[in-house]
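Let me begin by presenting the structure, written as structure tokens, before commenting on it.
The values are calculated or read from the model by the stated rules, or taken from the named source; none is laboratory data. Predicted, not measured: the structure shown is a model, and the values here were computed from it. Cβ placement follows ideal geometry from the backbone for every residue including glycine, while neighbour counts extend to all protein chains displayed. For the accessible areas, the whole protein counts, side chains as well, though only heavy atoms, and no ligand, DNA or RNA atoms are used. Shrake-Rupley method; radii C 1.70, N 1.55, O 1.52, S 1.80 Å.
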Amino acid sequence: MEIKYFVPALFLLSQLQLRSQDVYVIEKDRIVLDNGYVRREILTSKGISSNGLFFAGRKENFISSSREFSFTVNGRNVDGSDGWKMISTERISDERNGRGVCMVLQREGVRISVNYMLYPDLPLVRKWILFRNTGTEDFRIEDLNIEDIEARIGYVHSVILNNYGRMKNIGVFEGTWDDPLIVLHDFGGRRGIAVGNESPGVLKRTSYHTKGNNIEAGLTHSYQGVAFRKWLKPGQEWESPKVFICLYSGTDNGFDVINNDVNKFITRHMGVKIIASPQKPVFVYNTWNPFRTFVSDSLVRDVAKAASECGIQEFIIDDGWQINDSGMTSEKSWGNNYGDWNVDEKKFPGGLKPTFDYIKSLGMKPGLWISIGSATPDAGVYKAHPEWFVKDQNGDPGNLHERGNPNFITSCLGTDWIDYIKAKVLRLVREYGLTYAKLDFSIITSAYVNDDSISGCYATDHPYHRDHRESYIVIYERLFRLFDELHEAAPELFIDCTFETAGKLQLMDYAIAQHAEGDWLSNIEEPYPSGALRVRHLAWWRSPALPASSLVIGNLMMNENEFEFDLKSLIGTLPIVLGDPRKIPADQRARIKQWSVWMQDMQKKYDYMSFRKDLPGFGEPAEGMWDGWMRLNTENKSGGIVGIFRQGAAEQMRTVVLSDLDPAKLYSVKEGPSGKELLKATGKILMEKGFLVTMENKYDGKIFEVRIVQ
């Protein structure tokens with residue numbers, strides 16, 4: 001798509017540099033970014049400072065003169081106006097249609113490349129900084145705000161939408177790991193700014209009104225419990241995570257920008273693994289509930305046979321398949337035999353290959369649970385390489401997963417452990433045909449221990465981090481490098497990075513989504529109808545700020561009496577099911593398989609797994625209410641699927657109004673999986689008047705196919 005470019009006539013007359021493929025123009029004292037949708041003006045006379053942020057072609061400025069970025073170098077405060085010399089500017093682009101400019105600045109042994117990227121048809125600016133030590137001494141970077149701007153939106157008449165954009169904050173705001181995206185909404189101006197932070201896990205920090213009407217997005221500061229630090233030796237470089245800002249106006253609902261332009265950016269340009277994946281699983285099974293660690297070849301074969309009759313696509317063996325070099329048996333509870341990742345041949349005679357071959361013969365892909373960074377003291381790898389494991393405050397081997405358990409040790413990814421565990425995973429891929437890896441357990445902070453002193457690695461002799469604070473960013477970066485290298489060596493491998501590995505309960509963010517296809521978010525074991533509600537609520541909470549298909553939510557049991565209600569709820573995310581399918585009667589297995597075939601057909605037709613938006617008029621899933629979602633293909637408007645749920649509501653009927661259809665085209669609405677047609681109507685009618693859905697049962701759900709017919 002050709003990028004539109006608009007500049008006033010004055011620029012055209014006095015321009016020093018302009019190329020038709022650029023989205024920026026350089027003048028004597030400023031650089032103007034403009035893609036026809038957003039315009040950002042950056043003053044360059046004294047360092048750099050943004051003083052204009054507009055919708056292109058409009059006069060309404062969203063910011064005043066800003067610091068542009070800020071950080072400390074060896075404890076000294078530095079920002080965009082701090083005596084920088086402009087070395088050069090150059091065009092940049094990425095493989096996802098991004099175009100922009102890189103400004104190279106220099107001061108006192110520090111060289112930075114400040115990068116701005118714009119994308120077609122979006123009022124959005126993405127930004128990151130490359131640091132280089134050009135001096136003769138080491139320096140440390142801390143307190144990094146990649147974006148540091150002063151908003152023309154006061155706190156008195158505004159609100160921050162935080163926690164994936166689903167909660168509201170008034171006044172001073174400092175975000176946590178659960179804030180990959182916030183929205184500053186101006187009630188009076190009916191406008192606002194969405195701020196995305198692609199920093200990893202517990203290191204992300206986004207704030208507003210901590211001093212003035214400032215907006216800051218970057219990494220955690222030195223006063224925080226888990227604080228960012230990066231050391232650079234002379235000649236070394238380090239690239240920061242990315243952040244982005246997106247403008248909107250003309251609405252009283254700040255979440256509209258997430259549902260629309262931010263959602264478009266994530267789908268089209270961010271580089272999310274599950275969206276880029278050509279083969280997205282739509283029906284996955286995992287053995288954890290109810291079998292826990294008591295798995296074996298005979299059990300797996302029996303369960304797999306029943307699961308295949310239900311239409312399962314991927315079959316994952318959870319904890320319990322493995323044994324250490326000196327182990328006698330893995331027939332123990334959770335927390336044993338971690339580190340060496342050998343197959344327990346007492347459970348799986350001949351190894352996993354016969355078991356995996358049987359799973360594949362049933363038409364399913366095999367997967368395994370693996371702890372990405374854990375060992376028990378009996379592991380050969382721990383005995384041979386104790387230097388690969390985290391040190392606690394006392395210099396002893398540490399357990400970051402749970403407090404005070406010396407029989408469970410966390411490895412440090414700031415060592416050569418990363419090469420060891422990569423080789424173990426790839427061996428499972430090459431020898432057994434592993435296609436799904438559930439990579440689990442804490443590597444940086446615990447999802448269960450509320451003590452920042454039990455986090456990271458205190459070792460000062462590990463090769464890839466200098467001290468405790470630097471260990472945080474190093475561990476995350478090397479985790480993502482591991483994921484990338486696994487994908488490069490095994491392109492078909494689906495990586496499920498659990499919330500425990502991410503660092504906090506039910507944590508998911510952009511950094512994880514860019515390197516792993518999925519994130520096991522939670523173990524929900526409540527029975528009908530509460531479990532299904534929790535699934536839908538958790539999915540609603542994190543989408544569409546995050547890609548819904550990256551949200552892997554266990555542990556609903558497929559042999560429960562009301563499983564079809566659970567399954568319909570799971571279709572809004574990545575459906576993963578547990579339980580004992582052997583207990584399911586044959587006719588019910590056939591019914592579940594009918595759903596599986598229907599989901600696979602819908603995915604082939606619409607790629608619905610790449611999309612999810614809020615359904616107009618339906619809010620937060622809650623007891624006594626109706627809720628719903630849309631997974632319509634917003635790129636070609638060919639259709640997709642829609643889920644509607646009655647969760648104990650008094651009324652039996654609701655009108656469903658859609659969006660993102662072609663108003664001039666005719667669509668058919670059919671109930672899944674039967675294909676029974678409910679109505680035909682134009683996109684205009686479906687988006688303005690909608691259609692009526694009736695449910696007689698107080699707890700029920702219906703999934704519809706919406707298909708363009710002419």
Within the stretch 255-291, count every residue that is more than 30 Å from residue 485 (Cα to Cα) and in a loop (DSSP other than H, G, I, E, B).
1
Working carefully through the options 652, 647, find the one that is of a type outside the set (A, V, I, L, M), within 18 Å of residue 618 (Cα to Cα) and over 32 Å from the mean Cα position of the chain (by Cα).
652
For the structure I just gave you, tell me whether residue 252 is among the acidic types (Asp, Glu) and part of a loop (DSSP other than H, G, I, E, B).
yes
What strands (runs of 3 or more DSSP E) completely inside the stretch 28-97 contain at least 3 residues that are out of contact with any Phe, Trp or Tyr (no Cβ under 9 Å at 6 or more places or on another chain)?
49-55, 63-73, 85-93
Scope the stretch 424-453; condition part of a loop (DSSP other than H, G, I, E, B), open to solvent by 10 Å² or more (accessible area, probe 1.4 Å) and at negative phi; matching residues:
435, 447, 448, 449, 450, 451, 452, 453
Tell me which residues, restricted to the stretch 599-629, are on the phi > 0 side of the Ramachandran plot and more than 24 Å from the chain's Cα centre (by Cα).
617, 624
Selected residue (criterion: nearest to residue 254 (Cα to Cα)) from residues of the stretch 150-166 that are among the aliphatic types (A, V, I, L, M) and touching a Leu at 6+ places or on another chain (Cβ under 7 Å)
160
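Here's the yes/no breakdown for (1) open to solvent by less than 10 Å² (accessible area, probe 1.4 Å); (2) small (Gly, Ala, Ser); (3) under 20 Å from residue 455 (Cα atoms):
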{"position": "384", "(1), (2), (3)": "no, yes, no"}
{"position": "391", "(1), (2), (3)": "no, no, yes"}
{"position": "394", "(1), (2), (3)": "no, no, yes"}
{"position": "397", "(1), (2), (3)": "no, no, yes"}
{"position": "404", "(1), (2), (3)": "no, yes, yes"}
{"position": "410", "(1), (2), (3)": "yes, no, yes"}
{"position": "413", "(1), (2), (3)": "yes, no, yes"}
{"position": "418", "(1), (2), (3)": "yes, no, yes"}
{"position": "422", "(1), (2), (3)": "no, no, no"}
Please state which of the following conditions residue 531 fails to meet, knowing it meets all the rest: (1) open to solvent by 10 Å² or more (accessible area, probe 1.4 Å); (2) over 17 Å from the mean Cα position of the chain (by Cα).
(1)
Within the stretch 638-681, count every residue that is of a type outside the set (A, V, I, L, M, F, W, C), in a strand (DSSP E or B) and surrounded by fewer than 16 Cβ atoms within 10 Å (Cβ to Cβ).
5
Which pairs do you get when a residue that is in a loop (DSSP other than H, G, I, E, B) and hydroxyl-bearing (Ser, Thr, Tyr), found in the stretch 527-549, comes within reach of a residue that is open to solvent by 10 Å² or more (accessible area, probe 1.4 Å) and at pLDDT 95 or above, reach meaning Cβ atoms under 6 angstrom, with the pair 6+ apart or on two chains?
528/562; 543/612
Conditions (1) open to solvent by 10 Å² or more (accessible area, probe 1.4 Å); (2) assigned to a strand (DSSP E or B) -> residue 520 fails only (1)
Six or more apart or on different chains, Cβ atoms under 9 Å: show the pairs whose first residue is in the stretch 76-91 and among the basic types (Lys, Arg) and whose second is outside any loop (DSSP other than H, G, I, E, B) and surrounded by 14 or more Cβ atoms within 10 Å (Cβ to Cβ).
85/105; 85/106; 85/107; 91/24; 91/99; 91/100; 91/101; 91/102
Can you tell me which residues in the stretch 582-595 are within 23 Å of residue 533 (Cβ to Cβ) and part of a helix (DSSP H, G or I)?
588, 591, 592, 595
Give me the residue from the stretch 620-637 that is of a type in the set (Asp, Glu) and surrounded by fewer than 24 Cβ atoms within 10 Å (Cβ to Cβ) and, out of that set, nearest to residue 687 (Cα to Cα).
635
Within the stretch 41-68, take every residue that is among the basic types (Lys, Arg) and out of contact with any Gly (no Cβ under 7 Å at 6 or more places or on another chain) and give me the one that is modelled with the lowest pLDDT.
46
Here are some conditions: (1) under 19 Å from residue 239 (Cα atoms); (2) surrounded by fewer than 20 Cβ atoms within 10 Å (Cβ to Cβ); (3) free of Cβ contacts under 8 Å to residues at least 60 places away in the same chain. Residue 41 meets all but one. Which one does it not meet?
(1)
Of everything in the stretch 146-180 that's closer than 17 Å to residue 66 by Cβ and under 21 Å from the mean Cα position of the chain (by Cα), which residue is surrounded by the fewest Cβ atoms within 10 Å (Cβ to Cβ)?
146
Report every pair of residues separated by at least 6 positions or lying on different chains whose Cβ atoms are under 6 Å apart, first residue within the stretch 54-75 and within 19 Å of residue 115 (Cα to Cα), second open to solvent by less than 10 Å² (accessible area, probe 1.4 Å) and part of a loop (DSSP other than H, G, I, E, B).
67/80; 68/48; 68/80; 69/80
Criterion (in contact with a His (Cβ under 6 Å, 6 or more places away or on another chain), within 16 Å of residue 215 (Cβ to Cβ) and among the hydroxyl-bearing types (Ser, Thr, Tyr)) met by exactly one of 155, 119
155
State the number of residues belonging to the stretch 557-573 that are surrounded by 22 or more Cβ atoms within 10 Å (Cβ to Cβ) and in a loop (DSSP other than H, G, I, E, B).
4
Is it the case, given these coordinates, that residue 514 is on the phi > 0 side of the Ramachandran plot and surrounded by fewer than 24 Cβ atoms within 10 Å (Cβ to Cβ)?
no
Can you find a residue that is more than 17 Å from the chain's Cα centre (by Cα) and over 22 Å from residue 284 (Cβ atoms) anywhere in the stretch 489-497?
yes
Restricting attention to the stretch 21-38, and to residues there that are within 25 Å of residue 261 (Cα to Cα) and open to solvent by 40 Å² or more (accessible area, probe 1.4 Å), which single residue is modelled with the lowest pLDDT?
21
Residue set 164, 155; condition on the phi > 0 side of the Ramachandran plot, assigned to a loop (DSSP other than H, G, I, E, B) and either in contact (Cβ under 8 Å) with a residue 12 or more places away in the chain or in contact with a Gly (Cβ under 6 Å, 6 or more places away or on another chain) (or both); output residue 164
Anything in the stretch 70-126 that is under 22 Å from residue 137 (Cβ atoms) and aromatic (Phe, Trp, Tyr)? List them, or say none.
71, 84
Just to be sure before I move on: is residue 212 in contact (Cβ under 8 Å) with a residue 60 or more places away in the chain, under 26 Å from residue 76 (Cβ atoms) and over 26 Å from the mean Cα position of the chain (by Cα) in the structure I sent?
yes
Got at least one residue in the stretch 581-596 being farther than 27 Å from residue 245 by Cβ, of a type in the set (Val, Ile, Thr) and touching a residue at least 60 places away in the same chain (Cβ under 8 Å)?
yes
